[in-house]
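Student: Shown below is the structure under consideration.
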Amino acid sequence: MLKMIDVLEQNLVQNFTHSLNTHTSQFDELVNQGILNSSDSALEKAMISFFNRADAIELAQALDIPAERIQILKTGIALKDDQSLADTAKIVTLCLALETDSLTQLDISDCLKDFPI
């Protein structure tokens, strides 16, 4: 199983947790650039690995990715095009958060504590 941390540039992965805690538009640009600079075949394999998870569809829906876009992403094709890049970035960010255990390090507001993450 190919992980996103193996696909993206080491610099992006190393600074991911810090960038996630101080989310800025630069963070979005770094993720997008990391995706665009990654190997097409490695990104495709990592995306297919994500969608092999039992809960992948539910996770993608929770990221507000429409069903028709999910079907396109599941194929692993056209992950970097203008229409798919934002959705690809959502999944890449989630994968990085899961792979680096960053979700446990986030400071979550008390009013959101009852929502599942």
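Student: Test each condition in (1) out of contact with any Lys or Arg (no Cβ under 9 Å at 6 or more places or on another chain); (2) of a type in the set (A, V, I, L, M, F, W, C); (3) at pLDDT below 85 for Val7 and report the one that comes out false.
Tutor: Failed condition: (1).
Student: Also: Tell me yes or no: at least one residue of segment 10-29 is modelled with pLDDT of 85 or more and either more than 16 Å from Cys95 (Cα to Cα) or among the aromatic types (Phe, Trp, Tyr) (or both).
Tutor: Among the residues of segment 10-29, at least one is modelled with pLDDT of 85 or more and either more than 16 Å from Cys95 (Cα to Cα) or among the aromatic types (Phe, Trp, Tyr) (or both), which makes the answer yes.
Student: Let me ask something else about it. Starting from segment 74-99, take each residue that is more than 16 Å from Val7 (Cβ to Cβ) and list its partners that are hydroxyl-bearing (Ser, Thr, Tyr), counting only C-beta distances under 6 angstrom and pairs at least six apart or across chains.
Tutor: Sorted first by the residue in segment 74-99, then by its partner, the pairs are Ala78/Ser84.
Student: Spot the failing condition for Thr104; the list is (1) β-branched (Val, Ile, Thr); (2) modelled with pLDDT under 90; (3) closer than 17 Å to Val7 by Cα, and only one is missed.
Tutor: Against the list (1) β-branched (Val, Ile, Thr); (2) modelled with pLDDT under 90; (3) closer than 17 Å to Val7 by Cα, Thr104 comes up short only on (3).
The values are calculated or read from the model by the stated rules, or taken from the named source; none is laboratory data. Note that this is a predicted model, so its numbers are computed, not measured. Every residue, glycine as well, gets a Cβ built from its backbone with ideal geometry; the counts of neighbours run over all protein chains shown.
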